[in-house]
Structures are given as C-alpha cells and as structure tokens.
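Quick note: the coordinates plus some simple rules give every number you see, no bench work behind them. If you're wondering where the values come from, they're calculated on a predicted model, not measured in any experiment. With ideal geometry, Cβ positions are generated from the backbone for all residues, glycine too; neighbour counts draw on all protein chains shown.
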Ligand code: ATP
C-alpha cells in the first residue's frame, strides 16, 4: 500500500507485507520513516492512497476503526481517571452495546489474563505505570480483536519498567496466540520482542527478517547503520577466488574477503561490506594473509559493564570492536596504543547500496 498526504509527502511507498495469525511483527525505523502511518492504515485511522489491506481475505479499507477486527493501543495508554480498573475495561464493550452482566464477566476474564483481578476496584491514579498499561491492554483484549496494533507501547515508561513490560507483553502475546503489530524506533526492543522485524526507511521497507538475521546479516547499508555497532566499509572488488570476493577498502589498505557465491560483479566495481562490532576480536586469529584484519589505533576504551567497546582508527577509517568484559583489565588506559583486530570471513556481510 501507498500513502501520499495532501501536500505531496509520500509517507508509505509501496509497502507490501504478509503477517500470520499468532505472529509478533515489529515495524522498526527512524522517526518519519512511515511506520506509524502504516499502522494507522491497518487500524483504519488513515486511508491508503493506493493498495489493499486484507484480513482473512476480507478487505478492511472501507471499514471504520471500530468495525475492524483490529484494535490499536496508542502510546499514551489513556485510561479514564474517574473510572475503576473494571469500569475502564468494560467501557469498550459498552460502546459495542454488550449487556451489563456479560460485560462484567468478559471484563473480569480480561483482567484475569493480565493478572489484575485483585485491583479491579482501583482507580488509575492508585496503579503503577505498568499496572495502568496492563489495564489498557485488558481493555483492548476484551473486544477480542484478531490483531493488536501497538504504537510505541513502551515509549513513555522508565527503562526498568520498559524491560519488564517487554517480557510481559511478549509472554501475553504467546499465551493469547494473537497477531501483534508493534511500532518502535528502538532497535533493542524490536530485537527482543519480534518474531519478525520490518525495517523501514524513507517510506519503504528495507528488510524483513527474524531478529537474528537483522542483527547479524543486515541486507542494506541503511539497516546496517540503523541497527548500530556495525563497521561499514566501502571499497572495490579486487579479485574473485572461487566463491569469495576480495574487496579492498577505499581509504586504506584494508582487505576483506566475503563469501558471495554467484556474485558476478566485475573487478574494480564498488562494493560495501559490514562487520558487526561484536564479531571483531582483539585476539591474533587473522588468516595470516592480511585479509580480514587491521592494525588500529585505540581511540577510546569504553567499559559497558558486561562488555568493552573499543573505538578504533584503521588509517582514516573509524572502527568499533565489542569484546567481553574480561578483556577490560588488559585494555584499560591503552588509548593511543596500536592493536591488531581481526574477524572471520563468515562475519562479513555484503551490503546492497
Ligand atoms: P515517528 O517515529 O516520528 O512517529 P514514523 O516513522 O511513525 O515517525 P510517520 O508518522 O508515519 O513516521 O510519518 C511519515 C511521514 O509522513 C513523515 O514525513 C511525516 O511528517 C508525514 N506525515 C505523517 N502524518 C501526516 C499528515 N497527517 N499530514 C502530512 N504529513 C504527514
């Protein structure tokens, strides 16, 4: 589907996506990439300029939000402050004309799902942020949607609560077996929660894959940069050696080999690769032929608790290495010194420009 706003902004450009029942999909991308507009079109809060949205074969585009089998959870889990937990949850059903007894029973079931039955009579100001969020979820679940749409659902919470809610939300989704489509700009949140991540940039999909693939095999430069802590090197193809390409960096004499069976690019043509910072080691295990290793200056040794991030300069190229915290005692205070880094050919990823 495509969405062009009046004035000509193309917010969503030919986005095509299939989501399964029971699947947890996260739309991830920088601010303004079109992820919220995509979600709003699925939920019925925005109409596509072009395209179709189907759920179980039924077209949704002409249905208003409350007639769709989808429910949206907005960033601000706005609860009615003067109503109790139970009344807040019942509210959605009241709007659908469900009778009082039935409403109460369904609301109590939904509260049970999120573990809040003991707090049914409390008002929102007597609940913690996490509890309020669970009330908001119960209020959504009570209407039995086929798909739950979540727009930055953890955005407002403090970090510790965010970490807890990630697990709670993901667990709840597994128990319910519902389709969740979740929008965030937070890479870590996407990696920790999704079955599949859809990385968007500039109104388009860049890559759709499971979290491990997104983290270790970014398909494009944009994904490699957005996910962070990837070393991205530009160079030219120097040779083909069987299934490998040998690439030499533009800026210095960094030489990299990458497994690329069937890649037919010509000698001398440009190529771009990425290597995760976590795949770079400071142990001497280079292949000995000068490939996939570099002599660097240590610019900064950053201790991050469970790991050490080394900020390095290989010629003019800034590079990052992330190594285990056990290396900290031997790396501390060594800024300005030189060090040899290396990585395995399997950890080199050829990027689409
Ligand atoms: P954020 O994380 O900041 O919410 P996003 O990835 O969700 O960003 P969208 O909100 O989908 O991005 O916006 C995509 C583009 O469409 C942006 O350029 C935005 O300015 C534009 N846009 C969004 N809503 C409207 C609107 N109602 N009218 C005109 N332009 C809009």
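Within a 10 angstrom radius of the beta carbon, how do 40, 170 rank from fewest other beta carbons to most?
If I rank by nearby Cβ atoms, fewest first, I get 170, 40.
With each label point set 7 Å from Cα along the Cα-Cβ vector, what nm distance links residue 325 and residue 297?
Roughly 3.1 nm, to one decimal.
Take the alpha carbon gyration tensor of the stretch 203-353, find the square roots of its eigenvalues, order them as a ≥ b ≥ c, and report rounded if a/c is under 1.5; if not, report prolate when a/b exceeds b/c, else oblate.
In terms of gyration-tensor shape, oblate.
Which length gain, in nm to one decimal place, applies between residue 144 and residue 204 when the Cα-Cα distance is subtracted from 0.36 nm times their residue separation?
18.5 nm
How would 193, 108 line up from fewest to most surrounding beta-carbon atoms within 10 angstrom?
Sorted ascending by nearby Cβ count, the order is 108, 193.
Top mean-square fluctuation among 190, 203, 314, Gaussian network model of the chain, C-alpha springs under 10 Å?
314
Which order do the peptides 23-30, 63-70 take when ranked by the mean count of other beta-carbon atoms within 10 Å per residue, highest first?
23-30, 63-70
Evaluate E = 1/(1 + (r/R0)^6) for residue 253 and residue 225, where r is the Cβ-Cβ distance and R0 equals 30 Å; express this FRET efficiency to the nearest 0.05.
So, using R0 = 30 Å, E works out to roughly 0.80.
Output the relative contact order of the chain, whole-number percent, from Cα pairs under 8 angstrom with separation of 6+ residues.
In percent, rounded to a whole number, it is 16.
At residue 105 and residue 5, where each label point lies 7 Å from the Cα along Cα→Cβ, what is the point-to-point distance in nanometres?
My value for the distance between the label points is 4.6 nm.
Nearest-5 percent of antiparallel DSSP beta bridges in the stretch 3-221?
35 percent
Using helices alone, I'd like the mean residue ellipticity at 222 nm for the chain: each DSSP H run of four-plus residues gives -39500 (n - 2.57), total over residue count, nearest 500.
Theoretical 222 nm ellipticity from helices: -7500 deg cm²/dmol.
Which of 309, 144 has the fewest other C-beta atoms within 10 Å, and how do the rest follow up to the most?
Ascending Cβ contact count within 10 Å gives the list 144, 309.
Hey, can you rank 234-240, 218-224 by average C-beta count inside 10 Å, highest first?
218-224, 234-240
Each label point is 7 Å from the Cα along the Cα-to-Cβ direction; what then is the distance between the points at residue 61 and residue 31, in nm?
3.2 nm
Which of the peptides 90-97, 343-350 is most tightly packed, and how do the rest follow, judged by the mean count of other Cβ atoms within 10 Å per residue?
Per-residue Cβ counts within 10 Å, averaged per peptide and sorted highest first, yield 343-350, 90-97.
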